[in-house]
1. Only one of these is within 12 Å of chain B (Cβ to nearest Cβ), open to solvent by 10 Å² or more (accessible area, probe 1.4 Å) and out of contact with any helix residue (DSSP H, G or I) (no Cβ under 8 Å at 6 or more places or on another chain): A:LYS74, A:LYS88. Name it.
2. Cβ contacts < 6 Å: first residue at pLDDT 95 or above, restricted to the range B:182-194; second residue open to solvent by 40 Å² or more (accessible area, probe 1.4 Å) and assigned to a loop (DSSP other than H, G, I, E, B), any location; separation 6+ or different chain. Result?
3. For the range A:206-222, name all the residues that are aliphatic (A, V, I, L, M) and either outside the structural domain of A:ILE172 (by TED's automatic domain parsing) or under 16 Å from A:GLY195 (Cβ atoms) (or both).
4. Do you know which residues across the range A:75-90 are among the aliphatic types (A, V, I, L, M) and in a loop (DSSP other than H, G, I, E, B)?
5. Take B:VAL81 and tell me if it is open to solvent by 30 Å² or more (accessible area, probe 1.4 Å) and over 25 Å from B:GLU21 (Cα atoms).
6. Any chance the range B:147-163 includes a residue that's assigned by TED's automatic domain parsing to the domain that holds B:LYS185, surrounded by 22 or more Cβ atoms within 10 Å (Cβ to Cβ), within 15 Å of the chain's Cα centre (by Cα) and modelled with pLDDT of 95 or more?
7. Identify all residues within the range A:153-196 that are touching a Leu at 6+ places or on another chain (Cβ under 9 Å) and acidic (Asp, Glu); write none if there are none.
8. Checking the conditions here, which among B:ASP123, B:ASP93 is surrounded by fewer than 16 Cβ atoms within 10 Å (Cβ to Cβ), outside any loop (DSSP other than H, G, I, E, B) and modelled with pLDDT of 95 or more?
There are 2 protein chains.
Amino acid sequence: MHRYFFYVSPGKIQNDTAILEGDEFRHCIYVLRQKTGDEVSLFNGRGEVFTAVIDRISKKYCECRIISTEKINKPISTDIVLAFGLIKSKALDLLIREASALGVSQFVPLLTQHSVKQGFNSDRMQKIAIESLKQSGSFYLPEIHEPVELPDWLDMAANVPVKLVAEQDHSISLQTALTKQIDHKTVAILIGPEGGLHSDEIESAVIKGFTPVSIHPYRLRTELAAIVAITGIYAYIN
Amino acid sequence: MHRYFFYVSPGKIQNDTAILEGDEFRHCIYVLRQKTGDEVSLFNGRGEVFTAVIDRISKKYCECRIISTEKINKPISTDIVLAFGLIKSKALDLLIREASALGVSQFVPLLTQHSVKQGFNSDRMQKIAIESLKQSGSFYLPEIHEPVELPDWLDMAANVPVKLVAEQDHSISLQTALTKQIDHKTVAILIGPEGGLHSDEIESAVIKGFTPVSIHPYRLRTELAAIVAITGIYAYIN
């Protein structure tokens, strides 16, 4: 039998009570028709999985009593921070879905010279990420930031030990860049939007300690470049 | 100025004349409004790029006279044969598009126990691949096979030196599998459809010389697994 997992935000868990709400609640109660007394599996997106019993169902949420908690370790020890120039909505959905399935830790959508000017619905992105975790079997929900101006993020990333920017020209290979580094706890990778980063933007990143790396010999669209970069990082740090 | 490249199938090139037809013809003549006497850039999908002049335009094709030929070497020396259980059309489009951008050499759609039963329009897939090459800057068009039954393909792949099947359990890492091998000229990777390969199918592959490899700690959808496998292969053979 397939075991369903429902996401409960950590803020909705107090002592042994978890409040299931929103889409997860509707899926559990209206689609899968779980009832009071039924056992459900919950996860908090931080590696904890709960076995719980539905105690009370109201119209918009249900209360679950936690019976046991299991801690699932991260299979990949490196945290990847994926910062990317904002792209069109279809490509963005794909990027969030695929990079979540691969275990990225943080998404940072960036406002850059060539990024698309559009709203960024972080709730919607979180839903896509949750769906993707359920499919991939990961219990770690990535943090999804609100869009930020590139220069601001370059400052915010100051303390990240390994900082890379994907760039085809004048760059070293991802492998060379990563084997030079000793501390792989957190790796930040910056990927341009469609149309790329402006040379001024790459220069500012370099000034702030980013290493330009080539992730593939061909020109890749943002979402594909992100996947290739993530996979490459996992490959070279192990 | 952006330089447009039009794909001409190698069969449509004789001596110094190339016949541009189909979508490529329409894009060149009707969308970009090229005229007799204009210079165009053509590629044959085998690494040759031609500078040519439009000699004659008829309703459904145009004749171009080749002025010069440039041979572009493959930036990646390993040929990857991507064999995959047939998946739904949207995921299939994505797989063809992304794997083409990454430089895969051959696509082999497979009929397996869990593969979707649907038509496979290889002309349409080729169009997606051509578009993807233009975007990525690759001049090597992958070969797209017609769907084949898995057991038949296992026989057909007998002479491929490195044969891998993506499998989460009872498998070694992609890295271990590849570093064991000396000859990396061609690597075939077999990826299951949604729902995976049946254990019998994996067993038959193993009997035929395939090594089960784990490509990622999480469960990935077919198209994402394909991209991750391709990227991993490039990472570990270099």
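1. A:LYS74
2. Within 6 Å, the pairs are B:PRO193/B:HIS114.
3. Once the filter is applied, which keeps residues that are aliphatic (A, V, I, L, M) and either outside the structural domain of A:ILE172 (by TED's automatic domain parsing) or under 16 Å from A:GLY195 (Cβ atoms) (or both), the range A:206-222 yields only A:LEU220.
4. Hits for the range A:75-90 are A:ILE76, A:LEU86, A:ILE87.
5. It is false that B:VAL81 is open to solvent by 30 Å² or more (accessible area, probe 1.4 Å) and over 25 Å from B:GLU21 (Cα atoms).
6. no
7. Once the filter is applied, which keeps residues that are touching a Leu at 6+ places or on another chain (Cβ under 9 Å) and acidic (Asp, Glu), the range A:153-196 yields only A:GLU167.
8. B:ASP93
The values are calculated or read from the model by the stated rules, or taken from the named source; none is laboratory data. Remember, it's a predicted structure, so these values are computed and weren't measured experimentally. All Cβ positions, even for glycine, are placed from backbone atoms using ideal geometry, and neighbour counts span all protein chains on display. Side chains included, ligands, DNA and RNA excluded: accessible areas come from the protein's heavy atoms. Shrake-Rupley method; radii C 1.70, N 1.55, O 1.52, S 1.80 Å.
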